[in-house]
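The values are calculated or read from the model by the stated rules, or taken from the named source; none is laboratory data. The structure presented is a predicted model; accordingly, all values stated were derived computationally and were not measured. So basically every Cβ, Gly included, is an ideal-geometry build from the backbone, and we count neighbours across all protein chains shown.
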Amino acid sequence: MHELSGGCHCGNIRLTARLTRPPADWEPRACDCDFCRKHAACYVSDPHGSLDIHIADERQAARYRQGSGLAELLLCRSCGVLVGAVYRGAGRLYGVVNVQALAERACFGAPRQVSPQTLSAGEKAQRWQALWFATVTLYPGAPT
């Protein structure tokens with residue numbers, strides 16, 4: 001496993017992502033929606049890896065839904081960093097990380113553009129269940 005760490009700028013939201021392959025083997029996905037483009041977001045996930053999300057002050061963590069409203073984009077209210085997204089479906093929590101929030105962001109391959117906004121809500125959920133981290137642990141109120 002390749003363990004990567006990161007989070008928001010102020011440290012309220014911390015991430016630990018575990019990938020089954022080296023970061024250079026991954027092409028982050030650059031979503032072409034207006035919201036993600038404004039945040040320069042590129043996402044990475046490994047359905048066979050794992051993701052831990054630690055939130056120190058839940059009041060300073062914002063969850064924003066757009067488009068189909070199925071996924072929650074996770075941002076820090078204090079420093080404004082978009083750290084990733086989560087989706088609840090099929091009896092579990094799935095997650096994806098914004099590479100920009102990782103300390104090792106330069107280790108990844110070149111990003112490729114994706115257009116999830118062209119998919120139906122069902123197609124998005126199916127895609128996320130296939131691509132996103134399927135082992136996600138969320139620790140609200142946890143020390144960072």
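The figures follow:
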| read-out | value |
| --- | --- |
| Filter result for LEU82 (within 18 Å of GLY141 (Cα to Cα) and touching a Leu at 6+ places or on another chain (Cβ under 9 Å)) | no |
| Count - residues of the stretch 106-116 that are touching a Lys or Arg at 6+ places or on another chain (Cβ under 8 Å) and buried (at least 19 other Cβ atoms within 10 Å of the Cβ) | 1 |
| Hits in the stretch 28-41 - residues which are closer than 18 Å to LYS124 by Cα and assigned to a loop (DSSP other than H, G, I, E, B) | PRO28, ASP32, CYS33, ALA41 |
| Meets criteria (over 15 Å from LEU138 (Cα atoms), free of Cβ contacts under 8 Å to residues at least 40 places away in the same chain, out of contact with any helix residue (DSSP H, G or I) (no Cβ under 6 Å at 6 or more places or on another chain) and among the aromatic types (Phe, Trp, Tyr)) for TYR43 | no |
| All positions within the stretch 113-142 that are in contact (Cβ under 8 Å) with a residue 60 or more places away in the chain and part of a loop (DSSP other than H, G, I, E, B) | SER115, TRP132, ALA134, THR135, GLY141, ALA142 |
| Top-ranked residue in the stretch 1-27 [being out of contact with any Lys or Arg (no Cβ under 9 Å at 6 or more places or on another chain) and assigned to a loop (DSSP other than H, G, I, E, B); ranked as surrounded by the most Cβ atoms within 10 Å (Cβ to Cβ)] | TRP26 |
| Candidate set: the stretch 84-112, residues that are part of a strand (DSSP E or B) and hydrophobic (A, V, I, L, M, F, W, C); chosen: the one farthest from the chain's Cα centre (by Cα) | LEU93 |
| Qualifying positions in the stretch 42-83 - part of a loop (DSSP other than H, G, I, E, B), of a type in the set (Ser, Thr, Tyr) and either modelled with pLDDT under 95 or over 10 Å from the mean Cα position of the chain (by Cα) (or both) | SER68, SER78 |
| The stretch 76-92, residues that are in contact with a strand residue (DSSP E or B) (Cβ under 6 Å, 6 or more places away or on another chain) and either surrounded by fewer than 18 Cβ atoms within 10 Å (Cβ to Cβ) or free of Cβ contacts under 8 Å to residues at least 24 places away in the same chain (or both) | ARG77 |
| Meets criteria (more than 21 Å from ARG63 (Cα to Cα) and either surrounded by fewer than 11 Cβ atoms within 10 Å (Cβ to Cβ) or touching a residue at least 12 places away in the same chain (Cβ under 8 Å) (or both)) for ALA103 | yes |
